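First the structure, in the form of structure tokens, and then the observations on it.
The values are calculated or read from the model by the stated rules, or taken from the named source; none is laboratory data. Worth saying up front: this structure is predicted, and the values here are computed from it rather than measured. In this analysis, Cβ positions are derived from the backbone assuming ideal geometry, glycine residues included, and neighbour counts consider all displayed protein chains. Ligands, DNA and RNA are excluded from the accessible area calculation, which covers all protein heavy atoms including side chains. Shrake-Rupley method; radii C 1.70, N 1.55, O 1.52, S 1.80 Å.
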Amino acid sequence: MEYRFATLDDVSVLARMNRQLVEDEQHRNRFKPAAWFEERMRGFLTGGYKAVLFELEGEVVAYALYTDHPDHSDTIYLRQIFVDRARRRQGIGREAMRLLKEEIWPEDKRVTVGVLVGNQIARAFYKAVGFQEYSLELELPASKRVD
């Protein structure tokens, strides 16, 4: 598998894949229009995030989006890793994580990732590639703040 860093020319492919990601994880953003996803990915790329595209035979099959953690200089924050639906269960996610850990990210930095509580598939994947549970973030939705 080959990899390369994404540029603004890759926003449309990132947006298409990001839309699949939020649909698959049942995120609340899943009903947004296509233009919203393009603007979102453009904002990430111009706002300090790096995206790595993973390719097989010239086809983008996965991506990872990460940045240096804003509060911890010894930490990388992995915002997303995604494998195209048609390419899942082929070891692509594991290979992408191997490449990130061994060739892209500095060895002296820890990596954190946020996962939606209900996304059991992602939780199992991250554990399988070496992540350990560390914290749990809870939210109080605006709709629940009024009695």
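Quick notes on this one:
- The residues of the range 57-91 that are in a helix (DSSP H, G or I) and touching an Asp or Glu at 6+ places or on another chain (Cβ under 8 Å) amount to a single one, R85.
- In the range 3-23, the residues that are farther than 17 Å from T67 by Cα reach residues that are open to solvent by less than 30 Å² (accessible area, probe 1.4 Å) and acidic (D, E) with C-beta atoms within less than 7 angstrom, at least six apart or across chains, in these pairs: M17/D84.
- Complete set of residues in the range 106-122 that are modelled with pLDDT of 90 or more and either open to solvent by 50 Å² or more (accessible area, probe 1.4 Å) or small (G, A, S) (or both): P106, E107, D108, K109, R110
- Candidate set from the range 79-102 (those that are open to solvent by 50 Å² or more (accessible area, probe 1.4 Å) and touching a residue at least 40 places away in the same chain (Cβ under 8 Å)); member that is nearest to L138 (Cα to Cα): R85
- Of all residues in the range 1-28 being loosely packed, with under 15 Cβ neighbours inside 10 Å, part of a helix (DSSP H, G or I) and out of contact with any Lys or Arg (no Cβ under 8 Å at 6 or more places or on another chain), the one that is modelled with the lowest pLDDT: R28
- Of the residues screened, L53 is not one that is within 19 Å of V22 (Cβ to Cβ), assigned to a loop (DSSP other than H, G, I, E, B) and touching a residue at least 40 places away in the same chain (Cβ under 8 Å).
- Only a single item in (1) over 19 Å from V113 (Cα atoms); (2) open to solvent by 20 Å² or more (accessible area, probe 1.4 Å) is not met by F44, and it is number (1).
- Count of residues meeting criterion [touching a strand residue (DSSP E or B) at 6+ places or on another chain (Cβ under 9 Å), farther than 14 Å from M17 by Cβ and small (G, A, S)] in the range 56-78: 1
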